[in-house]
Amino acid sequence: MPIRALDPKVVAQIAAGEVVDRPASVVKELVENSLDAGSSQISVEVRGGGVGLIRVTDNGTGIPSGEMGLAFDRYATSKVANLEDLESIQSLGFRGEALPSIAAVAQVDMVSCATGEKAGVYLSLQDGVISGQGRRGRSQGTTVTARNLFRKIPARLKFLKSVATENSHIANVVSQYALAFPEVKFSLLIDGRVALRTPGSGHLVDSIAEVYGTEIAGNMIGLNDEAAAPLPRVAGMVGSPRISRSGRGNLSFFVNRRWVNSRMLARAVEGAYHGLLMVGKHPVAVINLSLPPQELDVNIHPAKSEVKFRNGSAIFSAVQRAVRRALMEQTTVPRVELASTQPVFPSEVRETASLPYAGTTPDSITSAPTPAMSLPVLRVLGQLDNSYIIAEGPDGLYLIDQHAAHERVLFEKIGQQRSQRDIEVQGLLEPVTFEVSPRQEAILKSRYQELAEFGFAIEPFGDRTFLIRALPALIHDKDWAGTLRELLDSLSRENKGDWAEDVTITMACHGAVRAGQSLSEPEMRELVRQMERCATPHTCPHGRPTMIHLSSSQLKKEFGRT
Ligand code: ADP
Ligand code: MG
């Protein structure tokens, strides 16, 4: 084929493909336009997975009647005028590509009434060409309807997933913007059914309640950001380790309120939960970074869902620090929820854990009953069921899970000894042979050095057999063979994050007293003393609570003394 300039229609479709690859991206672009127009109410309606119809209605500033046609010209935008503007983008849109791209792949109608104008105007486009226009009454704002998406592009249609999958992508887009803009009232109607509705109260926790449900909303911790230029302001909320999820899909990041995907930010947040979540569990977080537009580049991809930070490592540590600090300050002893005294959704959280984006920060979150990481001095009263230590503190009763508590103590102790290269080792009187599977053998051979750091002295001794000469003192008189096998298995799983942490957790778990083991009073006192010295005594290394606290005032209330 000779070289030829492409037909403008083909060019438009190729370009459109970069912006709108599925119905959810049409929704994203239209919602972004509505937000840029300063709307306080945005409703989204979709039918047939968005292929049949997508309609976004807002009450924003509208488009002046004389500019309606221009909005559909490629690279026509009211948001950027020159190169300097591009350096300091504040709006979500700036490329002037969305409306023409959508019009290239769907039938589009737009009705808009701009601020100060008496009546609205409408514009219809077929194949990107204006096919009708005129006046139409409506209140201030804009409605854009896209019908029969990709009808003329069968290849694209073929790649779409089921209606349910496309709907879930659409719901995700609307949910993300509802989280980024708690002051905007969002509604999403999917085939006539309300899928999401947010109150637009300006409180992030209210949006979280609608998107994730009240249980999660009631367990979110506000980030207390300390803005310090050139670092970003880190605002938002993170879930208490109690409400972890098995997938990574519950992390939302916004940079200057633009929804972005960022592995780097995900790693920063996950790192902050280090030692607080069970292995394989992921946190819930909604985080908005504010930083000068010059510090980032959003113009990387037509979908604008990726950003580049000028100083990525500073951003990484600012986010990790903010999240870690919030978790440390707010990890609390779970309160016993007796009878029906607690509403499902504690009202204190609703009132105070909010407004992370509005410039003010909540000064404290009053739902925290014991806002300290360290424990008060406790007096041991006895043991329950050979599993729990009953203790009294200055403010009521504590029930301590002896195994989980001891795991926490050992976890911190091993970590400390290892960092000081001071692991307690116990030599065996006679070396013991240890047989392993071929897989375990491979691991063991590649991990001698690391295991030695934890106090294991191991040598090869022929076919799949090893000699053990010394062991970490902690597990010497326990089932050390079982511990070692579990260690090798956990190390052999692929894509493991922090092997050293896995070793520490496994050793702490195996070294800890079991549930069902009777403890003497001095033993219980010693364990409680060690707990008091822990940095994070309230959770075991897997993230489970180590204790339950029943405060004096709760007791009084339960006995009807208030
Ligand atoms: P961009 O958002 O990058 O500027 P678009 O193609 O999405 O490009 O929109 C083109 C222009 O149309 C915008 O710059 C804006 O002026 C106008 N516009 C689009 N949608 C709306 C809306 N919902 N309310 C007001 N103006 C809008
Ligand atoms: Mg736009």
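Here is a check on your reading of the model: is R258 more than 26 Å from R544 (Cα to Cα) and either open to solvent by 60 Å² or more (accessible area, probe 1.4 Å) or in contact with a Gly (Cβ under 9 Å, 6 or more places away or on another chain) (or both)? Against the criterion (more than 26 Å from R544 (Cα to Cα) and either open to solvent by 60 Å² or more (accessible area, probe 1.4 Å) or in contact with a Gly (Cβ under 9 Å, 6 or more places away or on another chain) (or both)), R258 does not qualify.
Every listed requirement among (1) modelled with pLDDT of 90 or more; (2) away from ligand 1 (no atom under 12 Å from the Cβ); (3) part of a loop (DSSP other than H, G, I, E, B); (4) more than 23 Å from V255 (Cα to Cα) is met by R151 save one, (1). When E424 is tested against (1) over 29 Å from G271 (Cβ atoms); (2) open to solvent by 80 Å² or more (accessible area, probe 1.4 Å); (3) not small (G, A, S), exactly one condition is not met: (1).
Any residue at all in region 22-42 that is buried (at least 21 other Cβ atoms within 10 Å of the Cβ), in contact with a His (Cβ under 6 Å, 6 or more places away or on another chain), touching a residue at least 12 places away in the same chain (Cβ under 8 Å) and assigned to a helix (DSSP H, G or I)? For region 22-42, residues buried (at least 21 other Cβ atoms within 10 Å of the Cβ), in contact with a His (Cβ under 6 Å, 6 or more places away or on another chain), touching a residue at least 12 places away in the same chain (Cβ under 8 Å) and assigned to a helix (DSSP H, G or I): present. Inspect region 208-215 for any residue being open to solvent by 20 Å² or more (accessible area, probe 1.4 Å), part of a loop (DSSP other than H, G, I, E, B) and modelled with pLDDT of 90 or more and give the result as yes or no. Among the residues of region 208-215, not one is open to solvent by 20 Å² or more (accessible area, probe 1.4 Å), part of a loop (DSSP other than H, G, I, E, B) and modelled with pLDDT of 90 or more, which makes the answer no.
Restricting attention to region 304-331, the residues that are open to solvent by 20 Å² or more (accessible area, probe 1.4 Å) and modelled with pLDDT under 75 add up to 3. Taken over region 93-141, the criterion of being away from ligand 2 (no atom under 16 Å from the Cβ), within 40 Å of the chain's Cα centre (by Cα) and free of Cβ contacts under 8 Å to residues at least 40 places away in the same chain is satisfied by D109, V111, R138.
Residue check: is T539 of a type outside the set (D, E) and over 24 Å from A404 (Cβ atoms)? Answer is no for this residue. In region 43-60, of all residues being in a loop (DSSP other than H, G, I, E, B) and within 20 Å of G120 (Cβ to Cβ), the one that is most open to solvent (accessible area, probe 1.4 Å) corresponds to N59.
Here's the yes/no breakdown for (1) of a type outside the set (S, T, Y); (2) within 12 Å of ligand 1 (Cβ to nearest atom); (3) out of contact with any helix residue (DSSP H, G or I) (no Cβ under 8 Å at 6 or more places or on another chain):
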site: V19; (1), (2), (3): yes, yes, no
site: V31; (1), (2), (3): yes, yes, no
site: A37; (1), (2), (3): yes, yes, yes
site: I42; (1), (2), (3): yes, yes, no
site: G49; (1), (2), (3): yes, no, no
site: T61; (1), (2), (3): no, yes, yes
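When the criteria are applied in full, D73 fails the requirement of being within 12 Å of ligand 1 (Cβ to nearest atom), open to solvent by less than 60 Å² (accessible area, probe 1.4 Å) and either at pLDDT below 90 or closer than 26 Å to L296 by Cα (or both). For region 235-255, the set of residues classified as among the basic types (K, R) and either buried (at least 18 other Cβ atoms within 10 Å of the Cβ) or part of a strand (DSSP E or B) (or both) consists of R245 only. Pairing each residue of region 394-423 that is free of Cβ contacts under 8 Å to residues at least 12 places away in the same chain with any residue that is crowded, with 18+ Cβ neighbours inside 10 Å, provided the two are 6+ apart or on different chains, yields C-beta distances under 6 Å for Q417/I423. All conditions but one from (1) part of a loop (DSSP other than H, G, I, E, B); (2) open to solvent by 50 Å² or more (accessible area, probe 1.4 Å); (3) closer than 25 Å to P199 by Cβ apply to S78; the one that does not is (3). Of all residues in region 488-495, none satisfies being surrounded by 15 or more Cβ atoms within 10 Å (Cβ to Cβ) and modelled with pLDDT of 90 or more.
When region 1-14 is filtered for residues that are in contact (Cβ under 8 Å) with a residue 60 or more places away in the chain and either within 12 Å of ligand 1 (Cβ to nearest atom) or open to solvent by 80 Å² or more (accessible area, probe 1.4 Å) (or both), only K9 remains. For region 86-102: of the residues being within 11 Å of ligand 1 (Cβ to nearest atom) and either farther than 16 Å from E67 by Cα or polar (S, T, N, Q) (or both), which is most open to solvent (accessible area, probe 1.4 Å)? In this case the residue turns out to be R95.
Identification of strands (runs of 3 or more DSSP E) wholly contained in region 414-500 with 2 or more residues that are β-branched (V, I, T) yields 425-435, 465-472. Considering (1) away from ligand 2 (no atom under 13 Å from the Cβ); (2) of a type in the set (D, E, K, R); (3) over 34 Å from the mean Cα position of the chain (by Cα); (4) under 24 Å from V307 (Cβ atoms), the lone condition that E67 does not fulfil carries the number (4).
The values are calculated or read from the model by the stated rules, or taken from the named source; none is laboratory data. Nothing here was measured: the structure is a model prediction, and the numbers come from that model. Every residue, glycine among them, receives a Cβ derived from its backbone with ideal geometry; neighbour counts consider all protein chains shown. The protein model used for the area step is the full one, side chains on, heavy atoms only, and it has no ligands, DNA or RNA in it. Shrake-Rupley method; radii C 1.70, N 1.55, O 1.52, S 1.80 Å.
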